[in-house]
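Novice: Take this structure first; my questions come after.
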Amino acid sequence: MAESPEDQDARLRSLWLKLDTKRKGTLDLPALKHGLQQMNHPLKDADTLIRDMLMACDINQDGKISHDEFLRFCKETERQLWTLFRSIDRDADGHLNKAEMKHAFERAGVSVSQRRLDRFFAYIDRDNDGSIDFAEWRDFLLFIPTHSPGLKAVLSYYTSTVKINAEGDVNLSDEALSGLGTTLRFIQTSLFGAVTQLVQPPTSRVSHASAPTPAHLPEHAETTSSDTALSTVYNPATKTLENMPTTPDCTIQEDPHIPLKPARRKEDQSEPIRLIDFVPDVGYFIAGGVSGITSRTATAPLDRLKVYLIAQTGNSKEAVEAAKSGAAIKAASSGARTLGNAVRELWAAGGVRSLFAGNGLNIVKVMPESAVKFGSYEASKRAVAKFEGHDDPKSISAPAQFVAGGVAGMISQAVVYPLDTLKFRMQCETVAGGEHGNRLILHTAQKMWARNGIVSFYRGLPMGLIGMFPYAAIDLFTFETLKKSVVKRNMAKYHYKNEEDALPNNFLLALMGGLSGAIGASVVYPVNLLRTRLQSQGTASHPRTYTGVMDVTRQTIRYEGMRGLFKGLTPNLLKVVPAVSITYVVYENTKKALHLH
């Protein structure tokens, strides 16, 4: 519906009064931010975007916005938004539907999944009528800098506002990347409220409809050709806004959330490599932490049973003889009795609490461990991609992906190793009539410190790192390979154009996660067993002591045979398969919620 110039002036005057809360007649940066906060505007915490808006409005560059400058900015922005709106509105009915938006994205060379398109559309469609009229389009995008009118900038603007307010999803801003002079500055800008800056987009190929121009928009809003579009930029020499031509071939900057077609990437510019370039979105750490807590709590009794069996150094003569004679059924029956006896003993030691002994430490430990594991994996893939000569972590070679998974596992293991050791020793100190809960944790930590100081908490670390590398590498590599195969199959079968639409469902995620976890855990189980015994030596459940890795290996084989290296494997697999399945299902779904695909 057309709006008269008088109605437009009245609407913008009302908006100005909401921003100019102190009635000074001008707005500097603090006043503008305060006004946006009073309005509860999506940009209220987006300092970078607020500065961009101030610079675009401030024609005379005095650091303040006058009412006249504000009106000029808003009217020019609305003119450009109307031009873009009409180029998307293919049927010229004055409303945008999802099909028109999807077609516009494809014309602009921007790949957007159906899931992201639905969220973007719903965010702008305030009256939920299934279409976007120009008033909704204008009100949402009014404060976008006028030099960035393309769909690329619109999506970046949307992503930035949603990250700050609705999703809590934060990216690294250009200010954070270049301003790492102090650690505090980095923490403030990178982890607690940084916003991805708007980038200069290519103006998409415009095919104007014949809809009438609203009365308040100038006629020259229609004059863009099919090959060239006008983009308004601020010229500091003349202190005016000027229309400059852009073409569909303009290169555009990278948006981590919107994958671009390869032809539109920057090829001829190289930038110095910075360590911060490898830091992934903080959402990967959040997703990893949430998935770890969920899976570990659900499988805590099985973990408790595994540690209990590993710590037992005795061996049933019946089971040994059955194994030597090749009586598989008899040996399995003996193993089942061993599991049953272990469950009864644990229950007698403290009931349900005994089965969950150490789970409090598990929760404290697993959140950083899982967060660092998945975050480090994403960082390692970025580093490997840079080493291979490209910047796409999804396109790294299979050996590089294997190494990235192993490195991520080692980093996460080193971070939480002291808590891991304390948990094992605490579980081995749990006996009938003994201490429980926080008192047991405290006394166990005191005993460890009194015995050998900080070294006690890192006993067996080399063995742990050696064992974690192949486990994490096999686990992550197997899962990623299976996931890529499913995505590739779904895209071919259902003709999806975006990988996010072709992601496997939760059932397949659980199957793939269980398989990858089982393979990795079985391959490295002997190393894990030896490490656990080094960590728990000298406790009530495991009185033996060792001088090092060679000694624990020698004693284990001497007294229990090669079979002793796999003691507790069954309950470990019973724990690992559901745990890893739950981890990957929760991780992948959390990534979806945080828009990290």
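Novice: If I go through the stretch 445-463 residue by residue, how many of them are assigned to a helix (DSSP H, G or I) and of a type in the set (Lys, Arg)?
Specialist: Counting residues in the stretch 445-463 that are assigned to a helix (DSSP H, G or I) and of a type in the set (Lys, Arg) gives 2.
Novice: Go through the stretch 558-580 and give me each residue that's under 20 Å from residue 482 (Cα atoms) and either among the polar types (S, T, N, Q) or open to solvent by less than 30 Å² (accessible area, probe 1.4 Å) (or both).
Specialist: Within the stretch 558-580, 576, 579, 580 meet the criteria.
Novice: I need the full set of residues from the stretch 96-112 which are under 16 Å from residue 152 (Cβ atoms) and among the small types (Gly, Ala, Ser), in order please.
Specialist: Of everything in the stretch 96-112, those that are under 16 Å from residue 152 (Cβ atoms) and among the small types (Gly, Ala, Ser) turn out to be 104, 108, 109, 111.
Novice: Looking at 478, 421 in this structure, which one is under 25 Å from residue 356 (Cβ atoms), buried (at least 17 other Cβ atoms within 10 Å of the Cβ) and in the same structural domain as residue 289 (by the TED database)?
Specialist: 421
Novice: Yes or no: the stretch 402-414 includes at least one residue that is at pLDDT below 85 and assigned by the TED database to the domain that holds residue 537.
Specialist: Checked the stretch 402-414: no residue is at pLDDT below 85 and assigned by the TED database to the domain that holds residue 537.
Novice: May I pose another question? Those residues that are among the basic types (Lys, Arg), under 18 Å from residue 71 (Cβ atoms) and part of a helix (DSSP H, G or I), I need them from the stretch 18-39; list them, please.
Specialist: Selection gives 18 alone.
Novice: Based on what the data block shows, is residue 62 open to solvent by 60 Å² or more (accessible area, probe 1.4 Å), assigned to a loop (DSSP other than H, G, I, E, B), under 20 Å from residue 124 (Cα atoms) and out of contact with any Asp or Glu (no Cβ under 6 Å at 6 or more places or on another chain)?
Specialist: Criteria not met by residue 62.
Novice: Just to be sure I understand, how many residues within the stretch 111-133 are touching a strand residue (DSSP E or B) at 6+ places or on another chain (Cβ under 9 Å), surrounded by 14 or more Cβ atoms within 10 Å (Cβ to Cβ) and over 14 Å from residue 499 (Cβ atoms)?
Specialist: 6
Novice: Next question. If I filter the stretch 484-496 for residues that are touching a Ser or Thr at 6+ places or on another chain (Cβ under 8 Å) and farther than 30 Å from residue 554 by Cβ, do I get at least one hit?
Specialist: Looking through the stretch 484-496, none of the residues is touching a Ser or Thr at 6+ places or on another chain (Cβ under 8 Å) and farther than 30 Å from residue 554 by Cβ.
Novice: Scan the stretch 66-85 and tell me whether some residue there is at positive phi, in the same structural domain as residue 135 (by the TED database) and either open to solvent by 20 Å² or more (accessible area, probe 1.4 Å) or touching a Cys at 6+ places or on another chain (Cβ under 9 Å) (or both).
Specialist: No, the stretch 66-85 contains no residue that is at positive phi, in the same structural domain as residue 135 (by the TED database) and either open to solvent by 20 Å² or more (accessible area, probe 1.4 Å) or touching a Cys at 6+ places or on another chain (Cβ under 9 Å) (or both).
Novice: Out of everything in the stretch 351-381 that is aliphatic (A, V, I, L, M) and farther than 28 Å from residue 481 by Cα, what residue ends up being farthest from the chain's Cα centre (by Cα)?
Specialist: Out of the qualifying residues, it is 352.
Novice: If a residue has to be farther than 13 Å from residue 29 by Cβ and either touching a residue at least 60 places away in the same chain (Cβ under 8 Å) or small (Gly, Ala, Ser) (or both) to count, how many in the stretch 57-74 make the cut?
Specialist: The total comes to 8.
Let's see how each residue does on (1) at pLDDT 90 or above; (2) open to solvent by 20 Å² or more (accessible area, probe 1.4 Å):
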residue: 489; (1), (2): yes, yes
residue: 523; (1), (2): no, yes
residue: 527; (1), (2): no, yes
residue: 582; (1), (2): yes, yes
residue: 588; (1), (2): yes, no
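Novice: Filter the stretch 382-396 for residues that are touching an Asp or Glu at 6+ places or on another chain (Cβ under 9 Å) and not hydroxyl-bearing (Ser, Thr, Tyr); which is surrounded by the most Cβ atoms within 10 Å (Cβ to Cβ)?
Specialist: The selected residue is 396.
Novice: Test residue 516 against the stated conditions and say whether it is surrounded by 18 or more Cβ atoms within 10 Å (Cβ to Cβ), in the same structural domain as residue 363 (by the TED database) and within 23 Å of residue 355 (Cβ to Cβ).
Specialist: Here the answer is no, as residue 516 does not meet what is asked.
The values are calculated or read from the model by the stated rules, or taken from the named source; none is laboratory data. Bear in mind that the values here come from a model prediction, so they are computed numbers and not experimental data. Counting neighbours? That spans all protein chains shown, and the Cβs are built from the backbone with ideal geometry, glycine included. When the accessible area is computed, the model is the full protein with side chains, heavy atoms only, and any ligands, DNA or RNA have been set aside. Shrake-Rupley method; radii C 1.70, N 1.55, O 1.52, S 1.80 Å.
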